[in-house]
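Trainee: Got a structure for you, questions after.
The values are calculated or read from the model by the stated rules, or taken from the named source; none is laboratory data. None of the values given here were measured: they were computed from a predicted structure. Quick reminder, even Gly has a Cβ in these numbers, built from the backbone with ideal geometry, and neighbours come from all protein chains shown.
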Amino acid sequence: MSLGDTKSPFDSEEDPMTELKRYFAPTSLDQAVECLKGGNVTILAGGTDLTPQSQAGRIKFRETLMNIRHIPQLSGITLEGNEIRIGALATITEIMEHPLVRQHLPVLVEACDHFASDQIRNAGTLGGNICNASPAGDTLVPLLVLDACVELASMPEAKLYRHCMPISTFFTGPGKTRKSLCELVTGVRIPVPSPDHRSRFYKHGTRPALDISTISIGIAGDIKDGVISNVRVAFGAVAPTPLRATATESALEGRHLDAATIEAAAVAARDEVNPIDDVRATAWYRREMIHNMTKRVLENVAQA
Amino acid sequence: MNVAEKKHRVIEPDSLIGKRIPKMDAPDKASGRTRYIHDINLPGQLHGKILRSARIHALIKSIDTSAARALPGVHVVITAADIADQRPIGVAKDHFPLKVGRVRSQRDEIAAVAAESEEIAEAALKLIKVEYEDLPVIGNPEDSIKPGAVLIHPEPHGADGTHLHLKQGTSIAHKGKPDNVAMRFDYTHGDVVHGEAESDVVIEDTFKLHYVTHCCMGVSGMIAEFDAGGNVLMYSNTQVPFLHKREFAEYLNIDPARIRSRKDGTLTFRQVHTLHDNGAYTSWGATTPFVMMQTFSSLYRVPHCDYHTAAVYTNNPYAGSFRGYGNLQATFAIEQHMDMLAETIGMDPLEFRMKNAQEAGEVTGQGMSFKSCGFKDCIKTAAGRSDFSRKFAENHANQKKPGNIKRGIGMASMLHVGGGAKIYPSDGCGTILKLDDFANVTLITGASEIGQGSETVLSQLVCEELGLPISAVTVVNNDTAITPWDVGVHASRTTFVAGNSAIGAARKAKSKILAVAAKKFDCTEADLDLRGGFVIRADSGEALVELSKLLRNLHFQDKAELVMTTFYYEPPSVHQDKGFKGDVSAAYAWGTQVVEVEVDTDTGFIKLLKVTGAHDVGRVLNRLGIEGQIEGGVVMGQGYAFTEDLMIEDGKMKNPNFRDYKLVTAPEIPEMDIAFIESMDGEGPQGAKGVGEAPAICMAAAAANAIANATGTRLFELPFTPEKVYRALHGQAPKRYWKPWKAE
């Protein structure tokens, strides 16, 4: 769900009735992207965002509702060369429990462990979390620091066309991405991190389960002899999209994780985020938390 | 077993009181068989939908229902204009179910549709055209009492000033108000001026409280049908089936309290002013001061007390009742001040409380008479079991040490009615009891079961009198055509009032049975007793005859006698006088809770570590039930203190969903250590007192004291969200955080 969408049904003057005319459950990727050609399709995977959003009248169904759950190419978690591929239909629970993810991508496991509730994790999919494009989406911050690429499929002519887009360029605003209406997200590809790789995820909410982030922080880098390199920092719920924090990364890249570096990075972080006030917190508090908790996460990395 | 042995069978004394007995409705609830209102569907039923206001505060210029009425499948569309003698509802009768001429708050009802399906009814609502003329919106009580504020219930109170709507309800309907004050309460005992002269130390603060709401398992609803005889049968969810007033639960008070004491630690006077957001209509929220003044005047001995309050109209949702309402708020202020006063005069907070705590035998300035009172035992027990004094000193010493994780411990106590509350001239309950020829009991009681476990406790009390197992009892409590009168399930009164009523009916039945048995065994009634399903000899326990057999003999004779009794219990309490004085309850419940927290000063996040409670419950009847009730109450108090906040801006709810209205979830529930103080109340059923509301009351106050112990920072505004705590720790005022943020 997007950040700041505090709109209640009461506010809505729109007619929430659907224009849904057709239900389609393709069994192959070709069928799916063929169907998407016309563009007037609402995609259903886990339904954990779609259902509440449609019931609250915040989204309207398009003419066709396409259930993508029966497409085999969208499932599975596999090692392909030096990349881990997670299919778009992988549920949060599957990701959390998968040995490849647990071994190589603990930061993603950590984020999944803070994701909603067991029931939602059993149904909600990674592809759905990405396409919902909430600035507070729990898996997005770890995917950013893991330098993931989003796999897209479409059928511009008569032939299946697939390509990848870095996740850092994928989001354009709350609920908005660079995916066109004719494209389907089929999975993500994540480079297997080096043995020196360290990463952390922190989610700040008012309760440990069933909460939308007030802010979230992801930090990853290779640590050798106390020096951090290949730094990637990302923040959630502090900008219109999940944010790669380049100024914070620069403040850390190639430096010893000493107190001065950590403080400089925390200040850089506070200054580069652009949060808003909403029912969960004020912008001021979010900036403070970005500063305080970036510092705490880095201290934790330095001590480990 | 040979015949000789059987003749001399001895039944040992046994008691169900204090045992751990699963709630009688637990199997149905746990297996999903309990039917809520939305599970009920009657053949051929119509579906009702209500058109609610699209404005917060506006005049209704016109309503056009013609298109809706014309929609196939729609049976009826009604508006206020269709009901010539519409009767107002609510405490002040200022509230018409279908709004007349004006809407005053979000979701105000304008029209109602009955149709053959929910979808048709929904479609019909969209066809109703309403023209509004907007009025200024009053979003908080301070604005409501400003000179020149728009009037929310101006005179005359109706669409056109002809008072046509009053024709039927002349004596009850509200006639409008020349200002926005819905109700005032003024209470005094002693002389605060005199008290002030005697004082060495003063503390004065303003406390600001939030709106919360009950979050029931079932949604509200009603199904009605006519039977063949033209009687209306209504299914609904209510805790007051006889009064049937639906309540909506949230409230807000602003509560500036002054309290003074002498340096020897004796409280001298207390002065309180409160301003209450009544919302758009007067419901039970306006009566919050009744409960607040009990705590102000009588929790601790205070010789001079002065309390003034106004409940004022705004365009916010109207305020209703809530578990312990009034007391959570008053205790939040009073118990923080107890800690602050103790600190100011350099006294240990525990000692300061013990010095001023009430004891059995006292009659307070408000006229409450404490016949049983375990208050001091509650304080001592909760403090002892939590190691309060050592931790309090240790945490205080750690406040200034480095580190961002601080621990704190805080205490708060409460006084609440425990023997009903005579808020109406009657506070009674009736019982009808019948034994069948298998010695099964049907207990027909006026008291509703709303999940609190009253069926089980009432059955226990009856079994205790009749010497029967709990499985022998069937409770009938949900049909006003059958059950006798009861005021309602409120004021923590059911165990006490319905319990005494059930005991009364059971004793009458017992007396009837023993009279028959005495004749049969040629002895006196006093020689006999009922135990283990038998009539026994009282002295030896020797079983004389199975009760079921005796009852069968009674039934199968030419002059059959049936064991059917009725009893009505009215507690020996007093309806308060105009100055709010009088012994309003037949008994009073006490409790102390100690809260331990860990505060993360980098985030303001508070981890609730442990709650140690000691409650004077009179006597434990069902140990399993009372543990559940206390633990549930603590969690409800935890939500009130930390997470729950119904955010309202200019009359609109900003978080009308469970994503943003945050209930406590399982991982946040703290460790609990609950002790029971059994003061054996002389009037209580088997010595018990009411405890329904008690456990939710202390949490916010104790948590505030714990946060102060951890950090040295006091919080005067609820709830303690991470941001609010963090702001307070950094010297920033609380912020209504859904307002647009401006650079600070």
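Trainee: Among the candidates A:L20, A:L44, which residue alone is within 20 Å of the chain's Cα centre (by Cα) and of a type in the set (A, V, I, L, M)? Let's see the steps before the verdict.
Mentor: Values: A:L20 fails: within 20 Å of the chain's Cα centre (by Cα).
Result of the check over A:L20, A:L44: A:L44.
Trainee: Next up: Within the bounds of the stretch B:285-300, is there any residue that is in a loop (DSSP other than H, G, I, E, B) and touching a strand residue (DSSP E or B) at 6+ places or on another chain (Cβ under 8 Å)?
Mentor: yes
Trainee: For the stretch B:273-300, how many residues are over 23 Å from B:A421 (Cα atoms) and surrounded by 24 or more Cβ atoms within 10 Å (Cβ to Cβ)?
Mentor: The number of residues fulfilling the criteria is 4.
Trainee: Give me the pairs, please: first residue somewhere in the stretch A:243-267 and β-branched (V, I, T), second residue anywhere and surrounded by fewer than 16 Cβ atoms within 10 Å (Cβ to Cβ) and in a helix (DSSP H, G or I), beta-carbon distance under 7 Å, and either six or more positions apart or on two chains.
Mentor: Every condition considered, the pairs that remain are A:I262/A:E299.
Trainee: How many residues, within the stretch A:236-260, are surrounded by 24 or more Cβ atoms within 10 Å (Cβ to Cβ), among the small types (G, A, S) and more than 16 Å from A:A111 (Cβ to Cβ)?
Mentor: 1
Trainee: Out of all the residues in the stretch B:76-101, which are in contact (Cβ under 8 Å) with a residue 40 or more places away in the chain, hydrophobic (A, V, I, L, M, F, W, C) and surrounded by 15 or more Cβ atoms within 10 Å (Cβ to Cβ)? Can you show your working first?
Mentor: Filtering the stretch B:76-101 down to residues in contact (Cβ under 8 Å) with a residue 40 or more places away in the chain leaves B:77, B:80, B:84-96, B:99-101.
If we keep only those that are hydrophobic (A, V, I, L, M, F, W, C) too, we end up with B:77, B:80, B:84, B:89, B:91-92, B:96, B:100.
Matches in the stretch B:76-101: B:V77, B:A80, B:I89, B:V91, B:A92, B:F96, B:V100.
Trainee: Would you point out which residue out of B:G279, B:G265, B:G326, B:G320 is out of contact with any strand residue (DSSP E or B) (no Cβ under 9 Å at 6 or more places or on another chain) and in the same structural domain as B:K652 (by TED's automatic domain parsing)?
Mentor: B:G265
Trainee: In addition: Could you tell me whether the stretch A:64-73 includes any residue that is surrounded by fewer than 17 Cβ atoms within 10 Å (Cβ to Cβ) and in contact with a strand residue (DSSP E or B) (Cβ under 8 Å, 6 or more places away or on another chain)?
Mentor: Yes - at least one qualifying residue is present in the stretch A:64-73.
Trainee: On to the next question. Which members of the stretch B:432-455 meet the condition of being in contact (Cβ under 8 Å) with a residue 60 or more places away in the chain, assigned to a loop (DSSP other than H, G, I, E, B) and buried (at least 19 other Cβ atoms within 10 Å of the Cβ)?
Mentor: Hits for the stretch B:432-455 are B:A439, B:G446, B:S448, B:E449, B:Q452, B:G453.
Trainee: When you scan the stretch A:191-200, do you find a residue that is of a type in the set (V, I, T), surrounded by fewer than 24 Cβ atoms within 10 Å (Cβ to Cβ) and modelled with pLDDT of 95 or more, even just one?
Mentor: Yes: the stretch A:191-200 contains one or more residues that are of a type in the set (V, I, T), surrounded by fewer than 24 Cβ atoms within 10 Å (Cβ to Cβ) and modelled with pLDDT of 95 or more.
Trainee: Going through B:L530, B:L544 one at a time, which residue ends up being surrounded by fewer than 22 Cβ atoms within 10 Å (Cβ to Cβ) and not in a helix (DSSP H, G or I)?
Mentor: That would be B:L544, the only listed residue that is surrounded by fewer than 22 Cβ atoms within 10 Å (Cβ to Cβ) and not in a helix (DSSP H, G or I).
Trainee: Among the residues of the stretch B:623-637, which ones are farther than 16 Å from B:S679 by Cα and either in a loop (DSSP other than H, G, I, E, B) or over 14 Å from the mean Cα position of the chain (by Cα) (or both)?
Mentor: Of all residues in the stretch B:623-637, those farther than 16 Å from B:S679 by Cα come to B:624-625, B:627-637.
Residues satisfying the conditions are B:L624, B:G625, B:E627, B:G628, B:E631, B:V635.
Trainee: Out of the residues in the stretch B:715-728 that are outside any loop (DSSP other than H, G, I, E, B) and within 14 Å of another protein chain (Cβ to nearest Cβ), state the one that is nearest to B:G639 (Cα to Cα).
Mentor: Applying the filter and picking the extreme gives B:P722.
Trainee: Only one residue in A:P195, A:P208 is away from chain B (no Cβ under 14 Å) and either at negative phi or not aromatic (F, W, Y) (or both), so which one is that?
Mentor: Residue meeting the stated conditions: A:P195.
Trainee: Also, I was wondering about something else. What's the number of the only condition in (1) part of a helix (DSSP H, G or I); (2) at pLDDT 95 or above that B:L554 fails to meet?
Mentor: (2)
Trainee: Within the stretch B:565-599, how many residues are assigned to a strand (DSSP E or B) and crowded, with 18+ Cβ neighbours inside 10 Å? It would help to see each step written out before you state the result.
Mentor: From the stretch B:565-599, those assigned to a strand (DSSP E or B) are B:565-569, B:588-599; that's our starting set.
The next check asks that each one be crowded, with 18+ Cβ neighbours inside 10 Å; those that pass are B:565, B:567, B:569, B:588-597, B:599.
Of the residues in the stretch B:565-599, 14 are assigned to a strand (DSSP E or B) and crowded, with 18+ Cβ neighbours inside 10 Å.
Trainee: Would you pick out the residues in the stretch B:16-75 that are surrounded by fewer than 18 Cβ atoms within 10 Å (Cβ to Cβ) and of a type in the set (S, T, N, Q)?
Mentor: Result: B:S31, B:T34, B:N41, B:Q45, B:S62, B:S66.
Trainee: Looking only at the stretch B:343-360, count how many residues are over 16 Å from B:A412 (Cβ atoms) and free of Cβ contacts under 8 Å to residues at least 12 places away in the same chain.
Mentor: Residues flagged as over 16 Å from B:A412 (Cβ atoms) and free of Cβ contacts under 8 Å to residues at least 12 places away in the same chain within the stretch B:343-360 amount to 1.
Trainee: Select from the stretch B:666-685 the residues that are part of a loop (DSSP other than H, G, I, E, B) and surrounded by 16 or more Cβ atoms within 10 Å (Cβ to Cβ) and write down the one among them that is nearest to the other protein chains (Cβ to nearest Cβ). I'd like the intermediate steps shown before the answer.
Mentor: Step one: filter the stretch B:666-685 for residues part of a loop (DSSP other than H, G, I, E, B), giving B:669-670, B:678-684.
Narrowing the set further to residues that are surrounded by 16 or more Cβ atoms within 10 Å (Cβ to Cβ) leaves B:670, B:678-679, B:681, B:683-684.
Details: B:P670: 13, B:E678: 36, B:S679: 37, B:D681: 39, B:E683: 43, B:G684: 38 Å.
The selected residue is B:P670.
Trainee: Pull up the stretch B:686-714, narrow it to residues that are buried (at least 24 other Cβ atoms within 10 Å of the Cβ) and not in a helix (DSSP H, G or I), then point me to the one that is farthest from the chain's Cα centre (by Cα). Lay out the reasoning, then the answer.
Mentor: Here is the first cut: in the stretch B:686-714, the residues buried (at least 24 other Cβ atoms within 10 Å of the Cβ) are B:688-707, B:709-710.
The next check asks that each one be not in a helix (DSSP H, G or I); those that pass are B:688-693, B:698.
Values: B:A688: 18, B:K689: 15, B:G690: 11, B:V691: 10, B:G692: 7, B:E693: 5, B:C698: 14 Å.
Once the filter is applied, the top-ranked residue is B:A688.
Trainee: Quick one: how many residues across the stretch B:655-683 are closer than 21 Å to B:R385 by Cβ and of a type in the set (F, W, Y)?
Mentor: The total comes to 1.
Trainee: Could you grab me the full set of residues in the stretch A:246-285 that are in a helix (DSSP H, G or I) and within 9 Å of chain B (Cβ to nearest Cβ)?
Mentor: A:A283, A:W284, A:Y285
Trainee: Mind counting the residues in the stretch B:594-653 that are at positive phi, touching a Pro at 6+ places or on another chain (Cβ under 7 Å) and away from every other protein chain (no Cβ under 11 Å)?
Mentor: Of the residues in the stretch B:594-653, 0 are at positive phi, touching a Pro at 6+ places or on another chain (Cβ under 7 Å) and away from every other protein chain (no Cβ under 11 Å).
Trainee: Further question on the same structure: What are the pairs with Cβ atoms under 7 angstrom where one residue, in the stretch B:118-130, is within 13 Å of chain A (Cβ to nearest Cβ) and the other, located anywhere, is in a helix (DSSP H, G or I) and crowded, with 18+ Cβ neighbours inside 10 Å? Sequence gap at least six, or different chains.
Mentor: B:L127/B:A68
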